[in-house]
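Have a look at this one.
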Amino acid sequence: MEKLFKLKENGTTVRTEVIAGLTTFMTMAYIIALNPNLLTNFGAEGQELWNGVFMATCVASAIGMFVMAFLANKPFAMAPGMGLNSFFAIVVANIAMITGASYVQSFQAALCIILIEGIIFLLLSIFNVREKIVEAIPLGVRLGIAPAIGLMLMNIGFGSNAGVYSETGGPFYVMSNFFGALTPSVAKSQMGSGYSTMVLYVVTMFIGLFVIVILDHKKVKGSVLIGMLAASVVYWIGDLAFLGQNPFASLATASFLPPVGDMVSTTLFKLNFATFAQIGWFTVITLIITFCIIDMFDTIGTLVGTASRAGMLDKEGKMPQMKEALLADAVGTVAGSLTGTSTVTTFVESASGVEAGGRTGLTALTTGILFLACTFLSPIAAIIPAAATSSALIYVGVLMLAGLKNVNFNDMSQVVPVSVMLIAMPISGSIGHGIGLGLIIYTVMKVFTGKAKEVSVLTYVISALFLVKFFLVA
């Protein structure tokens, strides 16, 4: 392990790395079930396709993380990106409408787009183009990425991680429907029977958060993981004692055998180039560019932001082995297209593992192994309550806000782009879009303050591409 991952050099141990990998896994395990739900209309397109995407999610994510572990030796986890998977589902529906093909055939045609995107990223990474793009992001914008991601994590934890449903509708969320209602009577009228579930969610979330904070203050290793486990236990007890529900009921009828056969019949190497050819070249190019821009800057933002929090950046704000980390992202995307899922990207939840002490590829390796294990144990991963995940995301988000201290608040060319990013990322739910807005504002401010020469040519190009993306391709 020492020779493979250089643990001593990075000031870590096997135990710390394994705990960090487990922590990352617990905060992002939701994607294992959510991704196939989103890509198959929550199972409406058939159980076989759902099982195929489920297997692809686990396998492609693991492949990407293994490359991250052994090639880049970084603690970052990977999985099909949120936002990109929803966009992929929309693309599939549009292909079906344009060509008249079935959903499964259209799904297989859309995988061709993901394959092309992955190959483009492989070439860009090999020839250092993606690394040059990272370097083209101005230092001021780069400093704002980590705090903006922190607010995005807090927004997920507080605002959009609790999707409670009831007879009155849903989903209902912590900030908008529980705290946003101002009074319990209004909240109850909004949520109906879901109010009790929401109360349990909020109580659990704060208990988990306080446990993490207290343990971290006492320098207890694995505080994030312990806090999540404590929150899970509280939620399970509350589910049994107050809501009269058995949180483990699903385990009794769950299948623990990987649905390999369904993946083989629906998604594995099932690239439908015949239907893909019917889409039209302009639409195909537009879709590929859109996927590339969103994925590229989501990945760059996550890598730079999380590495900044972990102290992995040099004085110039660059991360060693950036090329290898970007290659892992590209390999994961190619693997996803061949196994049957949307774009695989670096997950922002990696920050939880970094906060737990993860500093090397052993963290990513641990998370990858757990993803593969989930092909057998997915029912167990499914019983981790979202409230426990929220506790960790909120805590890590607060810590990432500390990066604001590095921003020069006397320089408006830093303050304004960073301020916009702080709002744009949590609201849009996209790291890439937040960075894009930050770059556009930075470039415009430099040009109209007589400092156009301080902006690199590549920054101008990237800003122009984002303008095209926002106004012509959106």
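FYI, it's all coordinate maths here, none of it is from the lab. From a predicted model like this one, the values you see are computed outputs, not experimental measurements. All Cβ positions, even for glycine, are placed from backbone atoms using ideal geometry, and neighbour counts span all protein chains on display.
Describe numerically, in nm with one decimal, the distance between label points set 7 Å from Cα along Cα→Cβ at residue 449 and at residue 277.
Computed distance between label sites residue 449 and residue 277 equals 5.4 nm.
Between residue 464 and residue 70, with labels modelled 7 Å along Cα→Cβ, what's the label distance in nm to one decimal, could you check?
Modelled inter-label distance: 4.2 nm.
Sticking with this one: Below 8 Å, C-alpha to C-alpha, sequence gap of six or more: please give me the relative contact order for region 404-473 in percent. Mind dumping the intermediate values first?
Details: 52 pairs, mean separation 17.4, N = 70.
Averaging sequence separation for qualifying contacts and normalising by length gives 25 percent for region 404-473.
FRET efficiency for residue 9 and residue 213, Cβ-Cβ distance as r, R0 = 41 Å, nearest 0.05?
Result of the calculation: an efficiency of 0.85.
Out of residues 5 or more away from residue 193 or on other chains, whose amide H comes under 5 Å of its own, with H placed 1.01 Å from N in the peptide plane?
167, 168
OK, next. Taking the simple approach of a point 7 Å from Cα along Cα-to-Cβ for both residue 265 and residue 314, what is their distance in nm?
Inter-label distance under the simple model: 5.4 nm.
Using every alpha carbon pair in region 404-473, what percent of pairs falls into each 5 Å bin from 0 up to the bin containing the largest distance?
Each 5 Å bin holds this share of Cα pairs: 3, 17, 24, 26, 19, 8, 2, 0.
While we're on this one: For the chain, rounded, prolate or oblate, judged on the Cα gyration tensor with a ≥ b ≥ c (square roots of eigenvalues), a/c < 1.5 rounded, else prolate if a/b > b/c? Please list the in-between numbers first.
Working: a/c = 1.34, a/b = 1.10, b/c = 1.22.
Taking the square roots of the gyration eigenvalues as a ≥ b ≥ c, the chain is rounded.
Where the convex hull is taken over the Cα atoms of region 344-464, what is its projected area averaged over directions, in nm²?
Details: hull surface 40.2 nm².
Mean projected area of the Cα convex hull: 10.0 nm².
Among 244, 137, 273, whose Cα sits farthest toward the positive end of the charge dipole of the chain (+1 at Cβ of Lys/Arg, -1 at Cβ of Asp/Glu, about the Cα centre)?
Positive-end residue among those listed: 137.
Something else now. If a/c stays under 1.5 just call it rounded; otherwise compare a/b with b/c (prolate if a/b is bigger, oblate if not). Do that for region 74-175, with a ≥ b ≥ c from the square roots of the Cα gyration tensor eigenvalues.
On the way: a/c = 2.86, a/b = 1.05, b/c = 2.71.
Oblate, since a/c reaches 1.5 and b/c is not below a/b.
Normalised by the number of residues in the chain, what is the relative contact order in percent for Cα pairs under 8 Å and 6+ residues apart? Kindly include the intermediate steps, with their values, before the conclusion.
On the way: 868 pairs, mean separation 164.8, N = 474.
Averaging sequence separation for qualifying contacts and normalising by length gives 35 percent for the chain.
Then there's this: Which shape class, rounded, prolate or oblate, goes with region 257-416 when its Cα gyration tensor gives a ≥ b ≥ c as root eigenvalues, a/c under 1.5 marks rounded, and past that a/b bigger than b/c marks prolate?
Values: a/c = 2.24, a/b = 1.34, b/c = 1.67.
Oblate is the answer for region 257-416, as a/c is 1.5 or above yet b/c matches or exceeds a/b.
Within region 30-76, list the chymotrypsin sites (Phe, Trp or Tyr not before Pro) lying in a DSSP loop whose Cβ has at most 12 other Cβ atoms in a 10 Å radius. Write out the running numbers ahead of the final one.
Numbers: sites: 30, 42, 50, 54, 66, 70, 76; in loops: 42, 76.
Passing both the DSSP loop test and the Cβ count: 42.
What fraction, in whole percent, of alpha-carbon pairs in region 149-193 exceed 13 Å separation?
Numbers: 526 of 990 pairs.
Of the Cα pairs, 53 percent sit more than 13 Å apart.
State to the nearest 20 debye the size of the charge dipole of the chain about its Cα centre, where the only charges are +1 on K and R beta carbons and -1 on D and E beta carbons. Provide the component values of the computation, followed by the final result.
Details: 23 positive and 22 negative charges, 205 e Å.
Dipole size: approximately 980 debye.
To continue, here is another question. In Å and whole numbers, how far do the C-alpha atoms of region 386-432 stretch along each principal axis, longest first?
Extents along the principal axes, in whole Å: 39, 22, 12.
Here's a follow-up. Fewest Cβ neighbours within 10 Å first, please rank 102, 61 accordingly. Each step should come with its number before you reach the end.
On the way: 102 12, 61 31.
Neighbour counts put them in this order, fewest first: 102, 61.
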